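One structure is given here, and the rest of the page talks about it.
The values are calculated or read from the model by the stated rules, or taken from the named source; none is laboratory data. Note that the structure is predicted; figures quoted are calculated from it, not measured. All Cβ positions, glycine included, derive from the backbone under ideal geometry; neighbour counts span all protein chains shown. Please note that ligands, DNA and RNA were not included when accessible areas were found on the heavy atoms of the full protein model with its side chains. Shrake-Rupley method; radii C 1.70, N 1.55, O 1.52, S 1.80 Å.
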Amino acid sequence: MAQTAHGIGGLTYDPAKRAKPAELNVFLALVIITSAFELIGRIFMGDSFLFNTRDNIDAIFNWQRLNIIILQVSIVGIIALGVTQVILTGGIDLSSGSVVGATAMIAMSFAQTAMVNGSPNPKAIFGEWAMDLPVLFPILVGLACGLAAGLINGFFVAYTRIPPFIATLGMMVFARGLSRWWSNGNPVSFPTESYAAIGKGMMPVVIFVTLAILFHLVLNHTRYGKHCYAIGSNEQASRMSGINVARHKLLVYAIAGMLAALAAVVLSSKNLTAQAGMGVMYELDAIAMAVIGGISLQGGRGSILGTVLGALIFGVIISGFTFLKLDAYYQEMVKGAIIVGAVVLDQWRQQRRTKG
Amino acid sequence: MAQTAHGIGGLTYDPAKRAKPAELNVFLALVIITSAFELIGRIFMGDSFLFNTRDNIDAIFNWQRLNIIILQVSIVGIIALGVTQVILTGGIDLSSGSVVGATAMIAMSFAQTAMVNGSPNPKAIFGEWAMDLPVLFPILVGLACGLAAGLINGFFVAYTRIPPFIATLGMMVFARGLSRWWSNGNPVSFPTESYAAIGKGMMPVVIFVTLAILFHLVLNHTRYGKHCYAIGSNEQASRMSGINVARHKLLVYAIAGMLAALAAVVLSSKNLTAQAGMGVMYELDAIAMAVIGGISLQGGRGSILGTVLGALIFGVIISGFTFLKLDAYYQEMVKGAIIVGAVVLDQWRQQRRTKG
Amino acid sequence: DGIGVSMALFDDNFLTVLRNGIQAHADANGLSVQIEDAQNDVAKQLDQINNFIASGVDAIIVNPVDTSATQAMSDAAAAAGIPLVYVNRQPINVDTLPDNQAFVASNEVESGTLETIEVCRLFKEQGKTEANVYVMMGELSNQAAVQRTADIHDVMAAGTCAVTLNIIDEQTANWSRDQAQSLMTNWLSSGTAFDGVIANNDEMAIGAIQAMKAAGLDMGTIVVGGVDATQDALAAMQAGDLDATVFQNAAGQGAGALDAAVKLAKGEAVEQKVYIPFELVTPANIDNYLSKN
Amino acid sequence: MQDIILETRGLTKQYGGVHALTDANFTLRKGEHVAIMGDNGAGKSTFVRQLTGVEQPTRGQIIFDGQEQRFAGPIAAREAGIETVFQNLALADDLDVPSNLFLGREKIRFNLGPFSILDKKAMREATMAALVKTGVKIPNLMNTIRNMSGGQRQCVAIARTAAFKSKLVIMDEPTAALGVQETAQVENIIRTLKEAGEPLILISHNMRQVFDLVDRIVVFRRGRIVANLRKEDTDGQDIVSYITGAKTGSEFESAV
Amino acid sequence: MQDIILETRGLTKQYGGVHALTDANFTLRKGEHVAIMGDNGAGKSTFVRQLTGVEQPTRGQIIFDGQEQRFAGPIAAREAGIETVFQNLALADDLDVPSNLFLGREKIRFNLGPFSILDKKAMREATMAALVKTGVKIPNLMNTIRNMSGGQRQCVAIARTAAFKSKLVIMDEPTAALGVQETAQVENIIRTLKEAGEPLILISHNMRQVFDLVDRIVVFRRGRIVANLRKEDTDGQDIVSYITGAKTGSEFESAV
Ligand SMILES: Nc1ncnc2c1ncn2[C@@H]1O[C@H](COP(=O)(O)OP(=O)(O)OP(=O)(O)O)[C@@H](O)[C@H]1O
Ligand SMILES: Nc1ncnc2c1ncn2[C@@H]1O[C@H](COP(=O)(O)OP(=O)(O)OP(=O)(O)O)[C@@H](O)[C@H]1O
Ligand SMILES: [Mg+2]
Ligand SMILES: [Mg+2]
């Protein structure tokens, strides 16, 4: 029998014509959207989206623009990494935005500095003992919160078998309540300098990219990743094949919770404050990034690379609108259209492929 | 061969032990939650949740309480009826809340009255010609908006095959933008008296219950309903069996859009105003009602009856909290727990059944 | 070129008036402004400011989502050398603002205080010494809601209330007329007697009024207070349903902020702190406000 | 020729780089019963999916009932008169047996377009009648298909095809999961079709069954048709050598 | 008895009102190959699902390898040493062939607990080796299972079971979708198991296969065991009469 590198005999197989990775389409959508902004800018505004036309600056690229494109999506992007794993297993996590809110409040309460401009911190939550703690303390407290939220989500999904939509909706409502209750709706502010450094400048981007690479490797090369795809593809079959589905799900939701908590730490550090309303709707943005990146909400299909590209599309859209000075009233209408358009493009190319 | 009323021979079959309808569990959850409020009230507050303990009133039931329980969920309930049909086909509709906002703004603009307290309407959107129009006009305009939104959703889902999550997320963002753009964010107020009558008193309940009965019948006794279940159960098989899946989905989303529009008309009438922020998060509440009512987000399983029971659970929770004078900061935490608890109960009983 | 504006939230009626004030003033002076919606998200607001900086605007106006998150914004603008003006809400770093930054704001403490004292006065006028009230709060994570609710308690504690106030229950209706209707109906179904409703904004006050009217209560005897002096509220006041509201000169604040931003962009000096007071609106002086919002 | 019901010319399908079906030229006369045999993965089901509009061929023509057709989907094929039992059965797991049997062509009591009222009783009775012919036993027809055994599912799919008149019946391994008795019954159904003059394409790995039922045998190998033999001119041993590639039909030599 | 590997006593399963399995008493000796036959819907797969922990029986005991067991799930059964080819195959549609073959017991390069690094190359090579034994042809192993033909899928499931050592192998209609050659290969695999002394439960509707391969035949009818016959004491005609109910084993008379 003809045994080749890619299979065992039978039909003719032509590796050159094999299916392209789905991420290619997402990348194409990103390029098209970016070019569209560049073109519209050049034609209608005499200005460039990506390049510098201001005289006082030497750089060719408008680095500030490129930086802000990634920077503004990197915090939601961190959440989206966790959400990607959850969706791969066929689940969904609606709680991440609220977990960000609650974690930010709690972590920030242990990251406060005693003296602000010479007077005692006006937003102090705890007494003296909680002031000017080493930066590791609030970080660990935050991660612990996220872990707890994730474990609770995971417990309900995995062991009581309620739909993930409900388990995480419950957590969403609960965590938002918690963040309001924590300081009766008051913001928690004035962190120590070392805490403020976590989210300073391009740090969020560094954290996001590092984690993205890490989870890209984890999903593609470890047993954990393989089981994510397997469970999302056919949970029943995975169980029958001896995967401990419940334990795996617990782990997935725990990781998602910790990533949301990490995002909360970075976010509150970047903004130098924590607020009960922080992270509202982040869960939807994170899910949208993953879906634009080609993940299937049925589970089993998608990748971290896709999610990162989906996040970049978001970033370009937001920056592009400000660049075009598009009226805020129209922005959302156009944004809605672009989101749909990006996915239509993706879908259309995929269908063409399978028809070919 | 033994041919019986329920099948053709083979194994022994005992109709008395057949599986109970899933709605029974939801109903049980409703009873348990209601009783819990009644009990807590009696024990800790010396007051009754459902019955009248006031001397000055003859009625045994606290009708006012029963009314408000249904009233406060009937508008989101109308949306949930449409969402139920969408989810049955394996889809999801995230746009309904925003469609409510946009439709309310537009419909209300044609329902304004010329004179308010003797002076010209300060919130007038159009000129004289749009004042004091017959009530049918704004209603039809509203329904047309909902129909258009639904058809667009349906078109993208059915004919471009993009995930419903994205199609309706796009519409969610778009419609919210539209509602803000419509009057630059200003509220539209002061409707005619006949428009104000649509949502007055218990009218929302009447509309909700009528539609619930109608769609219960439609889903159980018409081809439309059968195809909803079939497509949600196995879209590929439905297509292979000759169901025009695309056309059916278009219809389902169109109906969902019209129901959202109807909810918008009732809501703006009840509130005597339309605002750009109306309906925010209604989509999540509507989906949650359906899911608590036992619908499967994978599609193919669920019922209108379940959704109505899910809505009632919501209503009881909201009223119960106010009855208990539970501190607002705790309310959401407890609400999150109850939502999860209700579904855990449901799931647990279902599992016991299949194990038996 | 042009001026970038980041508003905390577009869906808020009051902020809409403020925003329209900026837009109208800009149009009148031939200035180009670009107004963004931060959707109540501090992080989004900071990103918007960074986007403005990347686009090279002349000046930035910020209506802060969170007044304690302004330090990061001031830092970002200062680093880029772009002038910044805060509007409507007093930033926490008000005393350490760089030279090319300013603010035009109101003191939220006044709004709830004015409202509560007026409601107390009306009870006194009805001949009461003690009154039972319900309190409707805005979104719990919103500082205006937290502050206005705290104002009520502060007035009670400070003894500046003309009667003894008893709060029967204090719940949130999330700024929304619809939720306020449901909440009020829920309260009514408990059958507890009450004398008034103090709401954090007018929308909720109107919702409460609609629910009470539906239940057949006499609005002449029940005192209802709100904040914002919206058109709907003024109409309700004219109809004799709403008893007190508080006006904040939104359009004036917007125009003032724009002027300050333009001056800073030209390198001129400006007053760094401008307070615009709240004003109490009652049936007695309502005519002064009918065309203001 | 007037009496040809189905003809394909150069029908080809590629999936990514997989050449699943290459240049299939196939004819079927009215009233004729033909079997398709071949290895696993030889392209038999792929051929069926192209005929029935489930997928669009990469290349090639389909002439059905005298007209060139390019079915946009299975609906079009069914409307043209092709009834198919697919290998994956195409059943809706959450629906009960009668609903599956009448999926897409429900019996109705009042015609109200999409909102037509279903005639559930008539469907249940017709389902019983159709299923009895397959010899299958199902204790409770109101259970969902998800809860049916492999053979029960297959019988529902077969009953569905047999219950409606058509110009061409295609069955992709219809008896694979069936028991001894049920297989015999389904073979009887196929004989009834023969008597009624309805043409049939039967895909099967069962040599005895094929020789019992059909007039002609077409063998697929590696995506190509390699033999086309009248039953009388061949035997099981011969067919196996075509399947394994030990032999290739003279007119197809160029194919391999 | 020391040489009994599996015994069930009074094993019973009801679904809602459906009595799918009633009082099954079954024994299997070490090294023995037993076939289970019976009508569609007779309860064969239900019996397998109870044995392997996929479902929890309503009543009854399972004694495996000398110990009473109540498998909480398929993982427990597999860990106890039972390998199963389920009728629904239990494959993950979106994964490629090697991933499916090693689902739940991947080969790894470094052990880092759940985050252990996969040894993809070794798995691919082992997959080729295991599949060649089944005789199936698969042009591209990196395609997802969703894109495989019915027979290819079944071969993957069989190869998976055959590739790992076990104390008991259960196969539920393993050759139903297989072609002539592939069936022969899989039958060879089963013979190899026999030689290696691994006991087997084979569910099949194929009389020839059953008589070729096994030592003993157990017949299910209407959820009950109605016959238990050594191959030498019976023939095809006899088995059919048990299946159809024309005859019932003397020791089981009370059962019907
Ligand atoms: N969507 C697809 N994408 C890629 N390859 C496919 C796809 N569908 C089928 N194939 C491949 O095409 C070949 C032919 O498959 P087909 O289902 O036609 O085989 P078959 O002859 O019906 O086999 P069986 O007897 O096992 O049912 C197989 O190698 C299969 O892997
Ligand atoms: N989850 C379930 N709920 C209800 N009934 C079920 C369920 N699972 C199986 N049944 C019923 O139990 C009976 C036995 O099914 P089983 O799958 O064991 O049959 P089988 O002997 O394997 O048949 P086949 O040869 O067709 O595979 C069938 O009538 C089936 O409809
Ligand atoms: Mg096939
Ligand atoms: Mg079976």
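Excluding ligands and nucleic acids, what accessible area in Å² is computed for D:Ser99 using a 1.4 Å probe, to the nearest 10?
Result for D:Ser99: roughly 10 Å² accessible.
Among A:Ile313, A:Ile198, A:Ile32, which one shows the biggest mean-square fluctuation in a GNM of chain A, springs joining Cα atoms closer than 10 Å?
With Cα springs under 10 Å in chain A, the top fluctuation among A:Ile313, A:Ile198, A:Ile32 is at A:Ile32.
If each DSSP helix of 4+ residues adds -39,500 (n - 2.57) and the sum is divided by the residues in chain A, what number results at 222 nm, nearest 500 deg cm²/dmol? If you can, show how the numbers build up before the last one.
Working: 13 runs with 226 residues, N = 356.
Mean residue ellipticity, 222 nm, calculated: -21500 deg cm²/dmol.
Considering just Cα atoms, how many Å³ per residue does the convex hull of the stretch B:127-204 enclose?
That works out to 133 Å³ per residue.
Whenever you get a sec, line up E:Thr248, B:Thr103 from highest to lowest accessible area (probe 1.4 Å, protein heavy atoms).
Output order, biggest surface exposure first: E:Thr248, B:Thr103.
Within the stretch A:203-348, how many lysine pairs that are 8 or more places apart, or on different chains, have C-alpha atoms less than 27 Å apart?
4
How high is the relative contact order of chain C, in percent, counting Cα pairs under 8 Å that sit 6 or more residues apart?
20
On average, how many beta carbons from a partner chain sit within 10 Å of the beta carbon of a residue in B:282-290?
Mean shielding count: 2.
Tell me the relative contact order for chain A as a rounded percent, counting alpha carbon contacts under 8 Å between residues six or more apart.
Dividing the mean separation by the residue count of chain A yields 31 percent.
For the peptides E:205-212, C:235-242, what is the packing order when you average, over each peptide's residues, the other Cβ atoms within 10 Å and list the highest mean first? Don't jump to the answer; show the numbers that get you there.
Numbers: E:205-212: 17.6, C:235-242: 20.1.
By packing density, highest mean first, the sequence is C:235-242, E:205-212.
Once the other residues with Cβ under 12 Å from the Cβ of E:Ala130 are scored (Lys, Arg +1; Asp, Glu -1), what is the net sum? Walk me through the numbers on the way to the answer.
Working: positive: E:Arg124, E:Lys133, E:Arg160; negative: E:Glu125.
Overall, the nearby charge balance is +2.
So for each of A:183-195, B:206-218 I average, over its residues, the number of other beta carbons within 10 Å; can you give me the resulting order with the highest mean first?
A:183-195, B:206-218
Excluding residues on the same chain fewer than 8 positions from B:Lys20, give the aspartates and glutamates whose Cα lies under 15 Å from its Cα.
B:Asp346
Run through the other copies and list how far each one's label point is from that of D:Ala129, in nm with one decimal, shortest first; the point sits 7 Å from Cα along Cα-Cβ.
6.0
What order do D:Glu195, C:Glu118 take when sorted by accessible area (1.4 Å probe), most exposed first?
D:Glu195, C:Glu118
Point me to the residue of chain B whose C-beta lies closest to the B-onto-A rotation axis, rounding the distance to whole angstrom.
Per the B/A rotation axis, the closest residue of B reads B:Gln298, 4.
Would you tell me the mean number of C-beta atoms belonging to other protein chains that fall within 10 Å of each C-beta in D:92-103, as a whole number?
Values: counts 15, 6, 12, 9, 1, 2, 0, 5, 5, 1, 3, 11.
Mean partner shielding for this stretch: 6.
What are the residues whose amide H is under 5 Å from the amide H of C:Thr164, where those residues sit 5 or more places off or on another chain and H is modelled from the backbone?
For C:Thr164, whose amide H was placed from the backbone, the distant partners under 5 Å are C:Glu130, C:Ala131.
Measure nothing but the geometry: give the 0 to 90° angle between the long axis through the Cα atoms of D:150-162 and the longest principal axis through the Cα atoms of chain D, rounded to 10°.
So the inclination is approximately 90 degrees.
Using a Gaussian network model on chain C with a 10 Å cutoff between Cα atoms, which of C:Asp218, C:Asp228, C:Asp12 fluctuates the most?
Of C:Asp218, C:Asp228, C:Asp12, the most mobile in the Gaussian network model is C:Asp218.
Among E:Ala227, E:Ala20, E:Ala92, determine the one that fluctuates most according to a GNM of chain E built with springs between C-alpha atoms less than 10 Å apart.
E:Ala92
What is the angle, in °, between the Cα long axis of helix D:180-196 and the longest principal axis of the Cα atoms in chain D? Nearest 10 is fine, range 0 to 90.
80
Take the alpha carbon gyration tensor of chain B, find the square roots of its eigenvalues, order them as a ≥ b ≥ c, and report rounded if a/c is under 1.5; if not, report prolate when a/b exceeds b/c, else oblate.
On the way: a/c = 2.15, a/b = 1.21, b/c = 1.78.
In terms of gyration-tensor shape, oblate.
What number do you get for the stretch B:243-319 when its Cα radius of gyration is normalised by 2.2 N^0.38 Å, N = residues?
1.27
On the full set of protein chains, 1.4 Å probe, figure out the accessible area of C:Thr67 and give it in Å² to the nearest 10.
Taking all protein chains as shown, C:Thr67 has close to 30 Å².
Can you return the aspartates and glutamates within cross-link range of D:Lys13? Criterion is Cα-Cα under 12 Å, with same-chain partners fewer than 8 residues away left out.
Candidates past the 8-residue exclusion: D:Asp23, D:Glu55.
Determine the order of C:Asp154, E:Asp65 by accessible area, beginning with the largest, at a probe radius of 1.4 Å.
Final ranking, largest accessible area leading: C:Asp154, E:Asp65.
As a check on your grasp of the helix formula, calculate [θ] at 222 nm for chain E: sum -39500 (n - 2.57) over DSSP H runs of n ≥ 4, divide by the residue count, round to the nearest 500.
That comes out to -9000 deg cm²/dmol.
Around C:Ala59, which amide H atoms from residues at least 5 apart in sequence, or from another chain, sit under 5 Å from its own amide H, with H modelled in the peptide plane?
Result for C:Ala59 returns C:Gly4.
Between the stretch A:94-120 and the stretch B:107-166, what's the alpha-carbon centroid distance in Å?
Between the Cα centre of the stretch A:94-120 and that of the stretch B:107-166, the gap is 43 Å.
Per residue of E:107-117, count partner chain C-beta atoms within 10 Å of its C-beta, then hand back the mean as an integer.
Mean shielding by partner chains, rounded to a whole number: 4.
If a helix is a whole DSSP H run, which ones in chain C reach 15 Å or further along their own axis (Cα) and hold a mean Kyte-Doolittle hydropathy of at least -0.5? Kindly include the intermediate steps, with their values, before the conclusion.
Numbers: long enough: C:13-28 (22 Å, 0.11); C:42-55 (20 Å, 0.09); C:70-80 (16 Å, 0.38); C:108-125 (26 Å, -0.15); C:143-158 (21 Å, 0.09); C:177-189 (18 Å, -0.80); C:202-214 (18 Å, 0.40); C:250-265 (23 Å, 0.77).
Long hydrophobic helices here: C:13-28, C:42-55, C:70-80, C:108-125, C:143-158, C:202-214, C:250-265.
What does the helix-only formula give at 222 nm for chain C: each DSSP H stretch with n ≥ 4 adding -39500 (n - 2.57), the total divided by the residues, and the result rounded to the nearest 500 deg cm²/dmol?
-13500 deg cm²/dmol
So if I place +1 on the C-beta of Lys and Arg and -1 on the C-beta of Asp and Glu, and nothing else carries charge, what would the dipole magnitude of the stretch E:4-251 be about its Cα centre? I want it in debye, nearest 20.
Dipole magnitude for the stretch E:4-251 comes out near 380 debye.
At what distance in angstrom do the alpha carbon centres of the stretch E:165-223 and the stretch C:128-151 lie from each other?
What the calculation gives is 77 Å, centre to centre.
Indicate, rounded to the nearest 5 percent, the antiparallel portion of the DSSP beta bridges found entirely in the protein assembly as shown.
About 50 percent, rounded to the nearest 5.
Once ligands and nucleic acids are excluded and a 1.4 Å probe is used, how much of C:His153 is accessible, expressed in Å² to the nearest 10?
Using a 1.4 Å probe on the heavy atoms, I get roughly 80 Å².
Whole angstrom only: what separates the Cα centroid of the stretch B:277-356 from the Cα centroid of the stretch D:55-126?
37
Restricting to the stretch D:4-251, compute how many DSSP beta bridges are antiparallel as a %, nearest 5.
The antiparallel proportion sits near 60 percent.
Kyte-Doolittle mean at least 1.0 and Cα extent at least 20 Å along the axis: which DSSP H helices of chain A qualify?
Qualifying helices: A:23-40, A:63-88, A:136-155, A:203-221, A:245-271, A:304-324.
List the aspartates and glutamates whose Cα sits under 13 Å from the Cα of E:Lys167, skipping any in the same chain fewer than 8 residues away.
Qualifying aspartates and glutamates at Cα under 13 Å: E:Asp3, E:Glu32, E:Asp65, E:Glu79, E:Glu83, E:Glu198.
Would you compute the Debye intensity of chain D from its alpha-carbon atoms alone, equal scatterers and no solvent, and pass along log10 I(q)/I(0) at q = 0.09 Å⁻¹ to two decimals?
-0.41
Send over the Kirkwood Rh of the protein assembly as shown, from the inverse of the averaged 1/r over different Cα pairs, rounded to one decimal Å.
Averaging 1/r across every pair of different Cα atoms and inverting gives 35.3 Å.
Go through the cysteines of the protein assembly as shown and tell me which have no other cysteine Cβ under 4.7 Å away.
Flagged as lacking a Cys partner: A:Cys145, A:Cys228, B:Cys145, B:Cys228, D:Cys155, E:Cys155.
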